[in-house]
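K.L.:
Below is one structure. I have some questions about it.
The values are calculated or read from the model by the stated rules, or taken from the named source; none is laboratory data. What you see is a predicted model, and the numbers here were worked out from it, not measured in a lab. Cβ sites come from the backbone with ideal geometry, for glycine too, and all protein chains shown count toward neighbours.
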Amino acid sequence: MRLTKIESYCLRLPLVTPFETSYGTLTTKAFDLIIVTDELGNQGYGELLPFEQPDYLEETLATARIILTDHLLPLLTDRLIEHPQKINDWFLPVRGNQMAKASIETAIWDLYAKRQGKSISHYFKKTRLQLPVGISLGVETNLNKLVTTVEQAVAKGYQRVKLKIKPGYDIEPVKRLRQQFPQLPLMVDANSAYQVTDIPHLKKLDAYQLAMIEQPFAVNDLLDHRHLQQQLATPICLDENIRSLKDCQLADQLGSCRSINLKISRVGGLTEALKIVDYCQQQQLMVWLGGMFEAGVGRALNLHFASQEALAFPGDLSASERYFHEDIITSPFSLVDGFMTVPTGLGLGITLDWAQLNKLGRYRLLYQE
Ligand code: OSB
Ligand code: MG
């Protein structure tokens, strides 16, 4: 197949509740919807997901747009695309910038699946149709409010809770939640807020049966994580560190973690994400699906991907209404009786809400044959 047209809609969706992490507060998710069209008129969709600030990773939405239009699209537009697995190799001349790469790579996977008359799940192993999911909660220093929020999440059917922590807000909220919810699968995520000198403090978290501690140290560190993991019973999970299969292998072989938060966008797309799942299975390294506040298109992809039995641990994959009042697809995803349902149908199995896109989005034509 050939790409004949590439378009985007730039969107800004206000979050239902502001989300505070160790590095800042997010109130709006800005992202682009990428639409690719082939010579037969089929379309594929992907989301361009970096945040506007370079505070989670180096990429920002603005830098990713430039990388996409000026550097990635020229590597694609003259090509005959036999299989989306090839795209990663074509993008090799462009270093890093995984989220820019993933936006178009995932859109082409959707297009490819539709052309083949398949659901995107067809290309994954051992998929389920109903998934238990988790919820990621921001910093809430009022611990009574935090308990109420967790009660509500559990009542809605979320089967695992992740709490953002930072220095000065860690042991106390965890202790309180453990007292109130002795059996709840609970974990914490520090988004790189700690330093190696905090190891004695972080070891105190071992007392609370956490499923894991996500990314305590710097985004490019593996040695401090290894050092901590050697002294900690609780598994360390790496997020920001893992941008590729190589990163995953290195972290695993160094003993820097026992779990991987896998985000398709952070590793440059589906082809790489699938390789990481294979590796983790071979090595019996735990892997589960993280999130980037995806809207309907990214969330649909996440649902298909997380439905693989290999990703059994409930992901940061919540109902659409937990994030947004409005979405860009006609049937946003909900949580029913503690489960989310993977869409069926061709490709991602979703229908874009064109009225919403035209109301909320700013259209850009990126390429036309
Ligand atoms: O570290 O996983 C993270 C949100 C924004 C930035 C980074 C992270 C997160 C989350 C929530 O934890 C993800 C989600 O629910 O989509
Ligand atoms: Mg994280």
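K.L.:
Would you mind finding the one in 35, 87, 81 that is within 23 Å of residue 272 (Cα to Cα), touching a residue at least 60 places away in the same chain (Cβ under 8 Å) and part of a strand (DSSP E or B)?
P.N.:
Exactly one residue qualifies, and that residue is 35.
K.L.:
Filter segment 229-244 down to the residues that are assigned to a loop (DSSP other than H, G, I, E, B) and of a type in the set (Val, Ile, Thr), then identify the one that is farthest from residue 276 (Cα to Cα).
P.N.:
234
K.L.:
Go through the residues of segment 121-131 one by one and say whether even a single one is surrounded by 22 or more Cβ atoms within 10 Å (Cβ to Cβ), at pLDDT 95 or above and in a strand (DSSP E or B).
P.N.:
yes
K.L.:
Of everything in segment 198-254 that's of a type in the set (D, E, K, R) and away from ligand 2 (no atom under 16 Å from the Cβ), which residue is nearest to the chain's Cα centre (by Cα)?
P.N.:
246
K.L.:
Would you mind finding the one in 93, 74 that is in a helix (DSSP H, G or I) and more than 22 Å from the chain's Cα centre (by Cα)?
P.N.:
74
K.L.:
Has segment 254-266 got at least one residue that is part of a loop (DSSP other than H, G, I, E, B), away from ligand 1 (no atom under 16 Å from the Cβ) and charged (D, E, K, R)?
P.N.:
For segment 254-266, residues part of a loop (DSSP other than H, G, I, E, B), away from ligand 1 (no atom under 16 Å from the Cβ) and charged (D, E, K, R): present.
K.L.:
Filter segment 222-234 down to residues that are closer than 21 Å to residue 313 by Cβ and more than 16 Å from ligand 1 (Cβ to nearest atom) and give me whichever is surrounded by the fewest Cβ atoms within 10 Å (Cβ to Cβ).
P.N.:
Within segment 222-234, the match that is surrounded by the fewest Cβ atoms within 10 Å (Cβ to Cβ) is 233.
K.L.:
Restricting attention to segment 316-369, and to residues there that are within 16 Å of ligand 1 (Cβ to nearest atom) and in a helix (DSSP H, G or I), which single residue is nearest to residue 69 (Cα to Cα)?
P.N.:
320
K.L.:
Please verify whether segment 283-294 includes one or more residues that are closer than 30 Å to residue 248 by Cα and touching a Pro at 6+ places or on another chain (Cβ under 6 Å).
P.N.:
no
K.L.:
Residue 239 versus (1) out of contact with any helix residue (DSSP H, G or I) (no Cβ under 8 Å at 6 or more places or on another chain); (2) of a type outside the set (Lys, Arg); (3) surrounded by fewer than 18 Cβ atoms within 10 Å (Cβ to Cβ); (4) touching a residue at least 24 places away in the same chain (Cβ under 8 Å): which is the lone unmet condition?
P.N.:
(3)
K.L.:
Which of the residues that make up segment 289-312 are more than 12 Å from ligand 1 (Cβ to nearest atom), assigned to a loop (DSSP other than H, G, I, E, B) and more than 12 Å from residue 125 (Cβ to Cβ)?
P.N.:
312
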